[in-house]
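Encoded as structure tokens, the structure appears first; notes follow it.
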Protein chains: 2
Amino acid sequence: MEIIVSKDELSKGVNTVNKAVPSRTTMAILECILFEATNGEIKLTANDMEMGIETSIDGEIRDNGIVAIDAKMLTELVKKLPDNDVSIKTENTIAHIKCGKLKADIPMRNGEDYPRIPTVEKDNVVTISQFSLREIIRQTIFSTSENDANKMMSGELFDISGNKLRVTALDGHRIAIRTVELRDSFDDKKVVIPAKTLNEVSRVIPGGINEDVSIFFTNNHALFEFDRTTVVTRLVDGDYFATDKMTDMDFGTRVTINRKDFLESIDRSTLFLSATDKKPVIMDISDNTLEWSVKTTSGAMSEDLEVVKTGEDMKIGFNPRFMIDALKVIDDEEVTLHLINPKMPCAIKDDKGSYLYLVLPVNFA
Amino acid sequence: MEIIVSKDELSKGVNTVNKAVPSRTTMAILECILFEATNGEIKLTANDMEMGIETSIDGEIRDNGIVAIDAKMLTELVKKLPDNDVSIKTENTIAHIKCGKLKADIPMRNGEDYPRIPTVEKDNVVTISQFSLREIIRQTIFSTSENDANKMMSGELFDISGNKLRVTALDGHRIAIRTVELRDSFDDKKVVIPAKTLNEVSRVIPGGINEDVSIFFTNNHALFEFDRTTVVTRLVDGDYFATDKMTDMDFGTRVTINRKDFLESIDRSTLFLSATDKKPVIMDISDNTLEWSVKTTSGAMSEDLEVVKTGEDMKIGFNPRFMIDALKVIDDEEVTLHLINPKMPCAIKDDKGSYLYLVLPVNFA
């Protein structure tokens, strides 16, 4: 293979696919980036066998070829290249790279040995703006959990019904649900996409409001397509949790509070909390005041906040980090806590049904 | 003790002395910051027994007192306080802190048990602008070494003679020497100041060109005084290395090169170098070209640079990181390498004698 590409194109391509290069693997060839210069197109691919990323870059092909170049070396090299055209010429086990007066030889492997990304039939599509997809991932992903005992928690449910996309994530302590309206209506479907893939997708997509992502589904795979890049991922196999019963409850007490003040205040309560001392923050809600307090072996802290309450007074304990995670990704100026009693979860949700964050209480007796 | 201070003053004071709180210590009280509210002054102190920092802050004293408050808790708390006046009221083993509607109790100890910073007589002074002191530390400190076998390498020689301050650092592989002119003349003196202290001093001083630091010396201590802060440090005991013979050599070959180009180019050579594969970069200097190359088990790299050379051709090996460290802190547009032969050190120095960086070569046969 012999190609000539600009430093910027090479850098963009390498950094896009790089996220699918596994950090640890027993298959040495996966530590490479596959370059395919064929049919007038230069395509880069990386694949960790769960997720694969493929992207095309502009450049001149002097000699067709399919080679696998060491990803770590190439990534580091590309960072430091001068702004200039880059020539990559491969020979046996070495990729000769030239840029300006710089010459570098880095190791490569036979491209034919590189495992191909599964082919995904493109019959079943959903289209969403890059911005919406990135937002909905950011607003839910913290509620997933890398749980080997329950694979389902390591993914997010994408539930498409008409022109609505509802995304659900839960980790056994809390649930995050976000709903967005799509511009068009699509066939109903429910799939569970690994959080790891969603994380990488949200990093790779530029995130424009006017740019779309097409998502194609088969029984076992999803394919994200945007710009000149595709990301293919395995789906998590099985039925997702039935969350309707957990979220459709009769919340008797409602507490409305300024979101930013609440967030900043609760954030202080984490000060004395360490990995070893996981004390809950206790919220004592009465009349128009929410007083939170926390007491650990290192010290004690409390603060009063003004609220508008309807329903009964309540004293209830929470892991403050779960509250913080939810409050951080809500854009509303005010939020409403929906409570039942100190043994039942608290819901932070809006009236429009665009978000619902459910947090289990912690016993503080 | 009972004091009221603004959040900003408290934050400034805590962050200034904090750098002298030891991260690990067998004396639990050193994990505290000493607060002294006496004679109408609020003074904060921290001390790791090598170095002590003391600073005064503005505030209202409602009740005199000397207390030692847990540094870690206080620092974390101060970061998260709302912008408001902070009241600190101590009682037995607890410091009650109030700020707006926030109340926090954090642990404290008896201030009388806190080890005092040594008193330094102020007869012997040197004055230097904060900017110059910070620059000269930055430009030399990377050549020191935390070497238990040779304590002297962990410090920098401050050699004052008339209106000149010469600072020397060396770690066995390289030497860094910087000379600055002071505005006034002072008594001659030579002291070795621990690099750790210099590091902290350069972080704490604001660094203004028109603001001065006064440095006072005794046989065993130095005291840095600026604004409302003093830093006291032990000196490294003993005679510093005699570096004159190492630096006054007859360099037959001179190579002048654009500093920025050289730095960016040599920086690329570190790409294939890992902690385990410490190959030198080999510089092949002939006519008007410097070609460096490096070859490791991971790959090979080379680049040509234009230079102006006088004297003999030369092929010599270096640890590229040592070159990079020196090139980074030189401000000149061009630098000149002074060489003798492949077994002798290379000097990067200017004609004015304001800097000299000496780097030992590495055998590459």
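The values are calculated or read from the model by the stated rules, or taken from the named source; none is laboratory data. Not measured: the values here are computed from a predicted model. In this analysis, Cβ positions are derived from the backbone assuming ideal geometry, glycine residues included, and neighbour counts consider all displayed protein chains.
Brief remarks on what is shown
- Those residues of the stretch B:38-65 which are of a type in the set (Asp, Glu), under 25 Å from the mean Cα position of the chain (by Cα) and closer than 20 Å to B:ALA95 by Cβ, in sequence order: B:GLU54
- The stretch A:40-89: number of residues that are of a type outside the set (A, V, I, L, M, F, W, C) and either over 27 Å from A:LYS196 (Cβ atoms) or part of a loop (DSSP other than H, G, I, E, B) (or both): 18
- The stretch B:294-309 residues that are closer than 12 Å to A:GLY100 by Cβ and touching a residue at least 12 places away in the same chain (Cβ under 8 Å), paired with ones that are among the hydroxyl-bearing types (Ser, Thr, Tyr) and assigned to a loop (DSSP other than H, G, I, E, B) (beta carbon under 7 Å, 6 or more apart): none
- Selected residue [out of contact with any helix residue (DSSP H, G or I) (no Cβ under 6 Å at 6 or more places or on another chain), crowded, with 17+ Cβ neighbours inside 10 Å and either of a type outside the set (Phe, Trp, Tyr) or closer than 25 Å to B:PHE226 by Cβ (or both)] from B:GLY13, B:GLY40: B:GLY13
- For the stretch B:91-114, taking the residues that are in a loop (DSSP other than H, G, I, E, B) and not hydroxyl-bearing (Ser, Thr, Tyr), the one that is farthest from the other protein chains (Cβ to nearest Cβ) is identified as B:ASN92.
- Of all the residues in the stretch A:339-354, those that are buried (at least 21 other Cβ atoms within 10 Å of the Cβ) and either part of a loop (DSSP other than H, G, I, E, B) or out of contact with any Phe, Trp or Tyr (no Cβ under 9 Å at 6 or more places or on another chain) (or both) number 1.
- Scanning the stretch B:43-79 for residues that are in contact with a strand residue (DSSP E or B) (Cβ under 9 Å, 6 or more places away or on another chain) and within 11 Å of chain A (Cβ to nearest Cβ) returns B:ILE69, B:ASP70, B:MET73, B:LEU74, B:THR75, B:LEU77, B:VAL78.
- Exactly one residue out of B:ILE88, B:ILE137, B:ILE117 is within 14 Å of chain A (Cβ to nearest Cβ), among the β-branched types (Val, Ile, Thr) and either at negative phi or surrounded by 16 or more Cβ atoms within 10 Å (Cβ to Cβ) (or both): that is B:ILE88.
- Residues that are more than 12 Å from A:ILE117 (Cβ to Cβ) and surrounded by 14 or more Cβ atoms within 10 Å (Cβ to Cβ), drawn from the stretch A:230-248: A:LEU235, A:VAL236, A:TYR240, A:PHE241, A:THR243, A:MET246, A:THR247
- Candidate set from the stretch B:293-332 (those that are among the small types (Gly, Ala, Ser) and assigned to a loop (DSSP other than H, G, I, E, B)); member that is modelled with the highest pLDDT: B:GLY311
- Scanning the stretch B:233-260 for residues that are under 29 Å from B:GLU303 (Cα atoms) and away from chain A (no Cβ under 14 Å) yields B:ASP250, B:PHE251, B:GLY252, B:THR253, B:ARG254, B:VAL255, B:THR256, B:ARG259.
- Take the conditions (1) crowded, with 21+ Cβ neighbours inside 10 Å; (2) in contact with a helix residue (DSSP H, G or I) (Cβ under 6 Å, 6 or more places away or on another chain); (3) closer than 15 Å to A:THR233 by Cβ; A:ARG174 misses just one of them, which is (3).
- Hey, B:LYS295 basic (Lys, Arg) and within 13 Å of another protein chain (Cβ to nearest Cβ) or not: yes
- Count of residues meeting criterion [facing another protein chain (nearest Cβ under 9 Å) and surrounded by 19 or more Cβ atoms within 10 Å (Cβ to Cβ)] in the stretch A:269-292: 2
- Options B:PHE142, B:PHE186: the member that is away from chain A (no Cβ under 14 Å), farther than 18 Å from B:PHE226 by Cα, among the aromatic types (Phe, Trp, Tyr) and assigned to a strand (DSSP E or B): B:PHE186
- Taking the conditions (1) hydrophobic (A, V, I, L, M, F, W, C); (2) more than 12 Å from every other protein chain (Cβ to nearest Cβ); (3) surrounded by fewer than 19 Cβ atoms within 10 Å (Cβ to Cβ) in turn, B:LEU263 satisfies each one other than (2).
- Residues satisfying the stated conditions in the stretch A:286-296, i.e. more than 16 Å from A:VAL362 (Cα to Cα) and β-branched (Val, Ile, Thr): A:THR289
- Taken over the stretch A:147-180, residues that are within 23 Å of A:LYS245 (Cα to Cα) and assigned to a strand (DSSP E or B) amount to 22.
- Subset of the stretch B:298-315 [surrounded by 16 or more Cβ atoms within 10 Å (Cβ to Cβ), more than 9 Å from chain A (Cβ to nearest Cβ) and touching a Lys or Arg at 6+ places or on another chain (Cβ under 9 Å)]: B:LYS309
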